[in-house]
């Protein structure tokens, strides 16, 4: 028998990540629910490795959990960081220019903030340097 806590969809995402209210709307996500979901994955603690394979197995276990939690991050961003805002920041990133009243430090902070929100869409470090 499969317990409800271990059921997953075809991508390996636990079904509890897809919970919704009676109207079918996604429930709000908080750091507390994130931690609850993380702990539901029963992460192993790492104390020592008697052989290299022990460390490799632990890393593999943690990577699997973080892969699942990556889906959570996507859901979180979709709920709290709407696509329209993502697109606005993307346009701003690609057209960013330092203003006359902005110091180099302020411009760099603004640039890095936009790059952070865009993640991989901001490009490689080399591509980011070209935009800077």
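Laboratory data are not the source of any read-out in this text; all were calculated from the coordinates shown. This one's a predicted model, so the numbers in the text were calculated from it and none came from an experiment.
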P(r) weight above 13 Å for segment 82-132, C-alpha pairs, percent: 56
Segment 48-132, Cα convex hull volume normalised per residue, Å³: 144
